[in-house]
1. Conditions: (1) away from chain B (no Cβ under 14 Å); (2) more than 24 Å from the chain's Cα centre (by Cα); (3) closer than 21 Å to A:SER277 by Cα; (4) among the aliphatic types (A, V, I, L, M). A:LEU93 meets all but one. Number of the miss?
2. Pairs only if they're at least six apart or on different chains, beta carbon under 9 angstrom, first in the stretch B:122-150 and surrounded by 15 or more Cβ atoms within 10 Å (Cβ to Cβ), second not in a helix (DSSP H, G or I); list them, first residue then second.
3. Of everything in the stretch A:80-104, what is surrounded by 15 or more Cβ atoms within 10 Å (Cβ to Cβ) and in a loop (DSSP other than H, G, I, E, B)? Give them in sequence order.
4. Whether any residue in the stretch B:198-211 is hydroxyl-bearing (Ser, Thr, Tyr) and within 18 Å of B:LEU93 (Cα to Cα) is what I want to check.
5. Report whether or not B:PRO279 is surrounded by fewer than 19 Cβ atoms within 10 Å (Cβ to Cβ), assigned by TED's automatic domain parsing to the domain that holds B:ILE175 and either closer than 23 Å to B:VAL59 by Cα or modelled with pLDDT under 90 (or both).
6. Out of A:ALA218, A:ALA187, which single residue is buried (at least 16 other Cβ atoms within 10 Å of the Cβ) and more than 26 Å from the chain's Cα centre (by Cα)?
7. Among the helices (runs of 4 or more DSSP H) contained in the stretch A:231-317, which hold 3 or more residues that are within 11 Å of chain B (Cβ to nearest Cβ), under 30 Å from A:PRO165 (Cα atoms) and at pLDDT 85 or above?
Amino acid sequence: MERLSVIIAKRLALGILTLFVISLIIFSATEMLPGDIAQTVLGQSATPDTVAAFRRELGLDQSAPTRYLNWLTGVAHGDLGMSLANRRPVSELIASRVGNTIFLSAYAAAIAVPLSLILGILSALYRNTTFDRSVNVAALAAISFPEFFVAYILVFFLAQTGYFPSMANVDANTAFGEKLYKTFLPALTLTLVVTAHMMRMTRASIINLLALPYIEMARLKGMSPLRVIVYHAVPNALAPIITVIALNLGWLIAGVVVVEVVFVYPGLGQLMVDSVSKRDLPVAQAVALLFAAAYVLLNLLADVLGMITNPGLSHPK
Amino acid sequence: MTTVLILYAALSIAAAICASWLFRRVLVRFSPGNLSEEFATAPLSACFGMLVILIYVLVAALAPLLAPYEPDHIVGGEFLPWSTMHLLGTDNLGRDMLSRLVYGARNTVSIAFLSTAIAFIAGTSLGLLAATVGGWLDQALSRFIDVIITIPGLVFSLLLLTVFGTSISILILVIAVIDSSRVFRLARAVAIDVVAMDYIEAARLRGETLWRLITREILPNATAPLVAEFGLRFCFVFLAISALSFLGVGIQPPTADWGSMVRENAALITFGDITPLLPAGCIAVLTVAVNFVVDWMLHRASGLKE
């Protein structure tokens with residue numbers, strides 16, 4: 001087990017390094033703008049005085065490395081700067097929304113992960129049957145559809161007829177049960193979008209394993225097909241499946257932006273989209289950093305879980 | 001009402017199957033020797049894909065002839081229902097929906113195509129260069145791209161659009177830069193396998209220049225997977241641009257574009273009018289079609305036979 005812990009420690013170090021480089025890239029995104037950012041944001045009509053004041057506020061009179069260090073220490077202390085649009089601290093804006101986004105993603109994941117595992121295993125079990133084909137066609141369609149198309153189809157069939165609300169207007173006081181009901185459509189949209197990927201990959205990695213000799217052996221012993229898959233194929237397919245799940249939860253992060261806008265859900269994605277049209281850089285930077293960090297952490301978690309569950313790695317020869 | 005919709009869906013699927021079958025007959029009949037044999041063995045799904053792509057290209061090219069009105073002229077009241085005057089009604093400002101859909105094929109698809117092309121040229125040339133030169137260049141580029149890929153694409157493009165502002169040329173470049181990182185990975189992976197072959201070693205010993213090595217020796221052997229990747233990449237770019245336009249930060253009004261058309265008319269859906277779903281459906285049908293064709297090409301390239 002010694003080897004395993006070293007591998008995991010290395011992977012953690014790599015993850016932290018990645019996060020650091022991402023923060024550098026996100027910070028330098030503002031540096032890539034040709035000319036003066038203050039002038040561009042304020043527009044041509046701004047007086048030289050306003051531009052100078054704005055530059056001071058952004059800290060543009062200091063050198064880039066100093067600003068990066070200031071920003072990074074600020075981020076580490078939970079100080080993400082001030083929003084340019086409404087002069088409120090970015091951390092305050094984010095704090096009220098981050099819980100909502102996590103809630104919605106977790107809700108979608110709680111439906112999508114078991115669903116895609118069951119569908120993936122079933123279609124591997126009944127591969128090349130009508131069931132398998134129709135599940136696959138549906139999955140391919142769900143992958144090819146834009147998220148907002150899926151969302152509005154659901155609105156058309158489920159909200160317009162009055163079963164579910166088409167707007168997920170929740171706040172801190174909304175009771176848990178009501179929250180589940182109000183966010184059902186956005187969660188279902190996200191579920192449909194990510195289930196397709198996860199289900200296809202689960203099916204593919206199980207089918208790959210089914211060609212191996214030890215599965216043949218298990219079958220020759222007279223085991224039932226379901227038992228072969230659950231006891232012999234799934235443990236070995238777990239590592240790739242976990243990776244796929246984590247990757248798709250990462251996709252969920254991107255999907256959540258569109259879905260939040262469709263259902264007017266007060267989350268981080270909507271905050272980010274608003275900040276684009278207002279050219280609100282501190283907010284966009286902070287939210288991008290959060291999304292990227294979540295993605296890196298999910299990948300890290302997947303790698304570590306993949307190593308722990310890999311039977312080959314925990315029994316070194 | 002649901003039964004009527006299911007009936008419509010079943011009818012259109014049947015019509016699509018018939019049309020693809022007919023299209024395959026036409027392709028087999030009117031294309032020269034080799035190509036004709038290829039088409040004869042193509043699955044119906046691939047024929048459907050090719051037919052749809054052909055229709056989209058034709059609509060985009062002939063948009064001024066097909067559209068009954070100018071796309072950005074206000075020709076009637078707001079949100080008019082479907083009628084003989086306006087076949088698909090009018091939008092939130094009173095512009096003809098059908099005309100905007102037709103011009104949308106031209107604007108949305110060509111912007112996505114341009115963006116994919118730039119991403120592809122940049123990604124492929126860097127990827128091939130990294131694989132051929134190797135050493136520190138390969139290491140530096142690959143590690144840099146590894147980090148870029150960990151930032152979710154949509155989030156990264158939103159950040160870059162905040163910095164650079166929203167205009168069509170910036171949109172095209174931002175999407176191209178982000179997607180070229182994905183193309184780079186594939187191009188490098190494909191080229192690494194080719195570079196390891198003996199004939200490349202021989203070419204190097206012959207003293208071939210880097211340019212000739214890449215364009216004449218490596219590229220021809222990497223074409224098949226790269227062409228398939230182009231199709232897939234187009235789908236991703238197309239969906240990304242549509243998503244950004246839908247969010248209101250991509251293609252800007254008054255340009256007729258499918259993503260923003262959904263956004264502008266979304267209110268109608270809650271009244272049970274499916275008109276705003278049409279542009280979204282146009283996006284979906286094209287991505288499905290491209291996917292079908294790519295599936296067939298990958299299947300052919302991998303040499304698998306049923």
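The values are calculated or read from the model by the stated rules, or taken from the named source; none is laboratory data. Computed from a prediction, not measured in an experiment: that's the story for all the values here. Note that each Cβ is placed from the backbone with ideal geometry, even for glycine, and that neighbours are counted across all protein chains shown.
1. For A:LEU93, the failing item is (2).
2. none
3. Across the stretch A:80-104, the qualifying residues are A:LEU80, A:GLY81, A:SER83, A:LEU84, A:ALA85.
4. Among the residues of the stretch B:198-211, not one is hydroxyl-bearing (Ser, Thr, Tyr) and within 18 Å of B:LEU93 (Cα to Cα), which makes the answer no.
5. no
6. Details: A:ALA187 fails: more than 26 Å from the chain's Cα centre (by Cα).
Selected residue: A:ALA218, the only one of A:ALA218, A:ALA187 that is buried (at least 16 other Cβ atoms within 10 Å of the Cβ) and more than 26 Å from the chain's Cα centre (by Cα).
7. Counting at least 3 such residues, we get A:234-262, A:268-277, A:281-309.
To keep it simple, each residue is scored yes or no on (1) at pLDDT below 90; (2) not aromatic (Phe, Trp, Tyr).
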| position | (1), (2) |
| --- | --- |
| B:ARG100 | no, yes |
| B:THR116 | no, yes |
| B:GLY135 | yes, yes |
| B:LEU160 | yes, yes |
| B:PHE164 | yes, no |
